[in-house]
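Enquirer: Let me begin by handing over the structure; questions about it come next.
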Amino acid sequence: MKKIKPLTSVIFETTNICNLSCAMCPVNNDMKRQKVIMDLGLFKKIIDDNPQLERVVLHNWGEPLLNPCIFEMIDHVPETVKEVLMTTNTTLFNDEIIDNLVKSNLTRIQFSIDSVGREFEKIRGFSYEEVKSNILKFIEANNKSGMKVWIVIVINEKTENSVEAVKKEWAHLVDRVHFQPQLLIKNKRTAPCNCLWGRRYGELIVLSNGTIVPCCCDYEGILKLGDANTERLIDIWNSEKMKTLRELHEKGQFPELCSNCNEYETVLAEKRF
């Protein structure tokens, strides 16, 4: 049996609402789940109930800057948490938001772009030049901050050819250009999902309504492990439901959601799950 890592990381879906409809994202395409903005009180409860946390992620599905309490959420994360990060599409940036981000206790911000120029606009339906301008404004404002800045590219058959162009445009301006294979590729699973035991750390996902799921691929909340409104995450991580799910994966008896869950195969990035 695989060794279970302690629960030290939580992914918060601060909202599953987004102002874009990107080609590879289910939020405004396939997602049937009710659109919800996470309550500030729920966020604070989870943070306060889990003093062991070392990592807090403020994005899952949706655009986190659409949560009006996002900066109060960031401020509530204690200094004992070593890594506080957020991914944004940058389309909502203005001078005030950039200033608030730079002054926040985020340790890393990730800008999600998958190409440049017209190819970006085909995928995301938004002006690339406006996004580029927003990122450059942030980089300039962040010059004296210790916050890391990443550009994140979702790799699939449509974006693979854009990798060199993105690197040429951004590699000299940010700390890292990061490639991650697209999720939700429907290929038969043959091995257990690493996230059930913890990859770098034990981790759970809290959807915007408080539903706890084991993996970000579960964008409808089908594999509900519990409810963060009434249960502690650490109890869920060590629960019978989680134990059963791990055992099923070890036996190759994958739940329907997991059985065809996979990632885009590419030499540019390692598979995560």
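The values are calculated or read from the model by the stated rules, or taken from the named source; none is laboratory data. Since we're looking at a predicted model, the values are computed, not measured. Positions of Cβ are backbone-derived with ideal geometry, glycine not excepted, and every protein chain shown enters the neighbour counts. We work out accessible area using only protein heavy atoms, side chains counted, and drop any ligands, DNA or RNA first. Shrake-Rupley method; radii C 1.70, N 1.55, O 1.52, S 1.80 Å.
Enquirer: Filter the stretch 174-200 down to the residues that are under 30 Å from E140 (Cβ atoms) and open to solvent by less than 70 Å² (accessible area, probe 1.4 Å) and list them by number. Step through it out loud before you land on a result.
Expert: The initial filter retains those residues of the stretch 174-200 that are under 30 Å from E140 (Cβ atoms), namely 174-180.
Within the stretch 174-200, V174, V177, H178, F179, Q180 meet the criteria.
Enquirer: Within the stretch 149-173, restricting attention to residues that are touching a residue at least 60 places away in the same chain (Cβ under 8 Å) and of a type in the set (D, E, K, R), which residue is least open to solvent (accessible area, probe 1.4 Å)?
Expert: Only one residue tops the list, namely E160.
Rundown of residues vs (1) under 28 Å from N229 (Cβ atoms); (2) open to solvent by less than 40 Å² (accessible area, probe 1.4 Å); (3) in contact with a Lys or Arg (Cβ under 9 Å, 6 or more places away or on another chain); (4) aliphatic (A, V, I, L, M), yes/no style:
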| site | (1), (2), (3), (4) |
| --- | --- |
| P64 | yes, yes, no, no |
| N67 | yes, yes, no, no |
| I70 | yes, yes, no, yes |
| M73 | yes, yes, yes, yes |
| P78 | yes, no, no, no |
| E83 | yes, yes, yes, no |
| D99 | no, no, no, no |
| K122 | no, no, yes, no |
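Enquirer: Right, here's the next one. Among the candidates E256, E220, single out the residue that is among the acidic types (D, E), at pLDDT below 95 and surrounded by 15 or more Cβ atoms within 10 Å (Cβ to Cβ). Can you show your working first?
Expert: Values: E256 fails: surrounded by 15 or more Cβ atoms within 10 Å (Cβ to Cβ).
Selected residue: E220, the only one of E256, E220 that is among the acidic types (D, E), at pLDDT below 95 and surrounded by 15 or more Cβ atoms within 10 Å (Cβ to Cβ).
Enquirer: Let me ask another. Does S133 satisfy the condition of being outside any loop (DSSP other than H, G, I, E, B), of a type in the set (S, T, Y) and either within 26 Å of V102 (Cα to Cα) or under 20 Å from the mean Cα position of the chain (by Cα) (or both)?
Expert: Criteria met by S133.
Yes/no per residue for (1) outside any loop (DSSP other than H, G, I, E, B); (2) touching a strand residue (DSSP E or B) at 6+ places or on another chain (Cβ under 8 Å); (3) under 23 Å from Q34 (Cβ atoms):
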position: I212; (1), (2), (3): yes, yes, yes
position: D218; (1), (2), (3): no, yes, yes
position: T244; (1), (2), (3): yes, no, no
position: C258; (1), (2), (3): yes, no, no
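Enquirer: Still on this model: If the requirement is being over 21 Å from D49 (Cβ atoms), of a type outside the set (S, T, N, Q) and open to solvent by 70 Å² or more (accessible area, probe 1.4 Å), which of these qualifies: E265, E231?
Expert: E265
Enquirer: Which residue is surrounded by the most Cβ atoms within 10 Å (Cβ to Cβ), if the candidates are limited to the stretch 85-97 and must be in contact with a Lys or Arg (Cβ under 9 Å, 6 or more places away or on another chain) and within 15 Å of F12 (Cα to Cα)?
Expert: My answer is M86.
Enquirer: State which residue is farthest from V56 (Cα to Cα) when the search covers only the stretch 107-120 and only residues that are open to solvent by 10 Å² or more (accessible area, probe 1.4 Å) and modelled with pLDDT of 95 or more.
Expert: Of everything passing the filter in the stretch 107-120, Q110 is farthest from V56 (Cα to Cα).
Enquirer: Let me ask something else. What residue, among those in the stretch 19-38 that are aliphatic (A, V, I, L, M) and farther than 20 Å from R118 by Cβ, is most open to solvent (accessible area, probe 1.4 Å)? Before the answer, list the steps.
Expert: From the stretch 19-38, those aliphatic (A, V, I, L, M) are 20, 23-24, 27, 31, 36-38; that's our starting set.
When the remaining residues are screened for being farther than 20 Å from R118 by Cβ, the result is 27, 31, 36-38.
Working: V27: 3, M31: 21, V36: 34, I37: 73, M38: 4 Å².
The residue in question is I37.
Matching residues to (1) touching a Phe, Trp or Tyr at 6+ places or on another chain (Cβ under 7 Å); (2) touching a residue at least 24 places away in the same chain (Cβ under 8 Å); (3) of a type in the set (A, V, I, L, M, F, W, C):
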position	(1), (2), (3)
R189	yes, yes, no
Y201	no, yes, no
V206	yes, yes, yes
I212	no, yes, yes
Y219	yes, yes, no
I236	no, yes, yes
E250	no, yes, no
N262	no, yes, no
F273	no, yes, yes
